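Asker: Quick one: the structure is below, and I'll ask about it shortly.
The values are calculated or read from the model by the stated rules, or taken from the named source; none is laboratory data. None of these values were measured; they are calculated from a predicted model. Neighbour counts are summed over all protein chains in view; Cβ atoms, including those assigned to glycine, are modelled from backbone coordinates with ideal geometry.
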Amino acid sequence: MKLVVQIPCLNEEQTLASVLQDIPKKIDGIDEIVVVIIDDGSTDNTVKIAREHGVKDFVLHRTNMGLARSFRDGMDKALELGADILVNTDGDNQYPSEKITDLVQPIIKGKAEIVVADRQTAKIAHFSPLKKILQRFGSWVVNKAAGTDLPDAASGFRAYSRESLYRLNIITRFSYCMETIIQAGNKRLAITSIPITTNKKTRESRLFSSMWQHVFESGTAITRAYLMYKPYTIFLTSGVILLILGLVPFLRYLYFLSINSHGQHLQSLIVGMILVSASFLSFALAIIADIIRTNRILTEESIEQQKRTRFGG
Ligand SMILES: Nc1nc2c(ncn2[C@@H]2O[C@H](COP(=O)(O)OP(=O)(O)O)[C@@H](O)[C@H]2O)c(=O)[nH]1
Ligand SMILES: [Mg+2]
């Protein structure tokens, strides 16, 4: 079995060496371990330091293309290198590289396609109480959308089986972490989680300048993923609610019309008609979204086949 460990990096010269040093050199059940650095337009010595530490495989972006795109290119690179397992970790030494040994076990044993490291955020000292609550809420929403039961959906320290790389498609620019879980859940890929303790914080997050930006970006990504996989849940629910809300004033109007036919209570008629029309619109959207969804499934199957032809397997 071949393991590829990928590290997406944007100016990580300070911390990359520690990350690389702690990556296990040997793991039972794994024949070969290859490290890939995805350099996303770093302007510091990230690539030089990686070379000095024996890294031979790189994905190089001339300019900054963002983490989701980098992750996608990393997936292709891993498939190209013939990886049976892909582990993603960060260049800021947030995650304990030595834990890769535990992270890949469920995949080696054939028990899971994806393993997510649970940072046990409740125990992280530098996370504020609000951040902890938001993290739990975010994970809860993702689990709802994915039909999974993962304690830490935002963790980037993960292992993916080759099979899951064929089946996952990264679409959004942000929060690919959430997106991959929702996709994997809906595609019924087995996902599991192992607890880890994160290393000491080395610097502030570069992906998110504030917690609220994180909440906003994650919220958008989750909503989009939800619309992609469960469009009828959203549109049918809003359709039914609007219909009930619209029928109340509408029936009220009809009632008054039946006891005194002088065309009064027109406001009820107008409000009722607007709400009922909105509900029909919502039902129509549910049908359209479902047709588009069917189409997307076919497209995804064809992409999967293309990947299998291109990379073998
Ligand atoms: N490819 C790529 N990686 C990035 C970018 N921004 C941050 N990273 C990397 O993504 C990982 C996580 O970034 P970090 O700033 O620690 O965000 P955190 O996950 O919120 O702590 C690190 O390895 C960074 O080097 C980017 O624009 N592109
Ligand atoms: Mg970090």
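Asker: Which of the residues belonging to segment 18-35 are under 13 Å from P96 (Cα atoms) and either of a type outside the set (D, E) or within 24 Å of the chain's Cα centre (by Cα) (or both)?
Answerer: Going through segment 18-35, the residues under 13 Å from P96 (Cα atoms) turn out to be 18-24.
Those that are under 13 Å from P96 (Cα atoms) and either of a type outside the set (D, E) or within 24 Å of the chain's Cα centre (by Cα) (or both): S18, V19, L20, Q21, I23, P24.
Asker: Another one. Residues in segment 211-236 that are under 15 Å from the mean Cα position of the chain (by Cα) and within 12 Å of ligand 1 (Cβ to nearest atom): how many? Show your work before the answer.
Answerer: Quick first cut of segment 211-236, residues under 15 Å from the mean Cα position of the chain (by Cα) only: 214-229.
Subsequent filtering for residues that are within 12 Å of ligand 1 (Cβ to nearest atom) retains 214, 217-218.
Qualifying residue count, segment 211-236: 3.
Asker: Shifting gears a bit: Which one is nearest to ligand 2 (Cβ to nearest atom) among residues in segment 157-176 that are surrounded by 16 or more Cβ atoms within 10 Å (Cβ to Cβ) and among the hydrophobic types (A, V, I, L, M, F, W, C)?
Answerer: F157
Asker: Have a look at E179, E217 and point out the one that is within 30 Å of E80 (Cα to Cα) and either touching a residue at least 24 places away in the same chain (Cβ under 8 Å) or within 16 Å of ligand 2 (Cβ to nearest atom) (or both). First the steps, then the outcome.
Answerer: Working: E217 fails: within 30 Å of E80 (Cα to Cα).
So the residue among E179, E217 that is within 30 Å of E80 (Cα to Cα) and either touching a residue at least 24 places away in the same chain (Cβ under 8 Å) or within 16 Å of ligand 2 (Cβ to nearest atom) (or both) is E179.
Asker: If you go through segment 114-156, how many residues are buried (at least 22 other Cβ atoms within 10 Å of the Cβ) and among the hydroxyl-bearing types (S, T, Y)?
Answerer: 3
Asker: Name the residues in segment 289-313 that are within 30 Å of L242 (Cβ to Cβ) and modelled with pLDDT of 95 or more, would you? Explain how you work it out, then say what you get.
Answerer: First, pick out the residues of segment 289-313 that are within 30 Å of L242 (Cβ to Cβ): 289-297.
Across segment 289-313, there are no qualifying residues.
Asker: Out of (1) of a type outside the set (G, A, S); (2) surrounded by fewer than 22 Cβ atoms within 10 Å (Cβ to Cβ); (3) closer than 16 Å to V87 by Cα, what's the single condition that is false for T197?
Answerer: The one condition T197 does not meet is (3).
Asker: Please count how many residues of segment 184-210 are over 14 Å from the mean Cα position of the chain (by Cα) and either small (G, A, S) or within 10 Å of ligand 1 (Cβ to nearest atom) (or both).
Answerer: Summing the residues that are over 14 Å from the mean Cα position of the chain (by Cα) and either small (G, A, S) or within 10 Å of ligand 1 (Cβ to nearest atom) (or both) in segment 184-210 gives 13.
Asker: Does segment 4-62 hold any residues that are at positive phi and either of a type in the set (D, E) or touching a Ser or Thr at 6+ places or on another chain (Cβ under 7 Å) (or both), and which are they? Spell out the reasoning first.
Answerer: Here is the first cut: in segment 4-62, the ones at positive phi are 11, 29, 41, 54.
Listed by number, the residues that qualify are N11, G41.
Asker: Separate question: For the structure I just gave you, tell me whether I244 is modelled with pLDDT of 95 or more and over 28 Å from the mean Cα position of the chain (by Cα). Even if it seems obvious, please write down each step before you answer.
Answerer: Working: modelled with pLDDT of 95 or more: yes; over 28 Å from the mean Cα position of the chain (by Cα): yes.
Spelling it out, I244 is indeed modelled with pLDDT of 95 or more and over 28 Å from the mean Cα position of the chain (by Cα).
Asker: Here's a check for you: in segment 1-27, which residue that is charged (D, E, K, R) and in contact (Cβ under 8 Å) with a residue 40 or more places away in the chain is nearest to M65 (Cα to Cα)? Explain how you work it out, then say what you get.
Answerer: Step one: of segment 1-27, the residues charged (D, E, K, R) are 2, 12-13, 22, 25-26.
Applying the additional criterion that residues be in contact (Cβ under 8 Å) with a residue 40 or more places away in the chain yields 2, 12, 22.
Values: K2: 28, E12: 16, D22: 27 Å.
It comes out as E12.
Asker: Is it fair to say T148 is touching a helix residue (DSSP H, G or I) at 6+ places or on another chain (Cβ under 8 Å) and either within 15 Å of ligand 2 (Cβ to nearest atom) or hydroxyl-bearing (S, T, Y) (or both)? Walk me through it before giving the result.
Answerer: Working: touching a helix residue (DSSP H, G or I) at 6+ places or on another chain (Cβ under 8 Å): yes; either within 15 Å of ligand 2 (Cβ to nearest atom) or hydroxyl-bearing (S, T, Y) (or both): yes.
Criteria met by T148.
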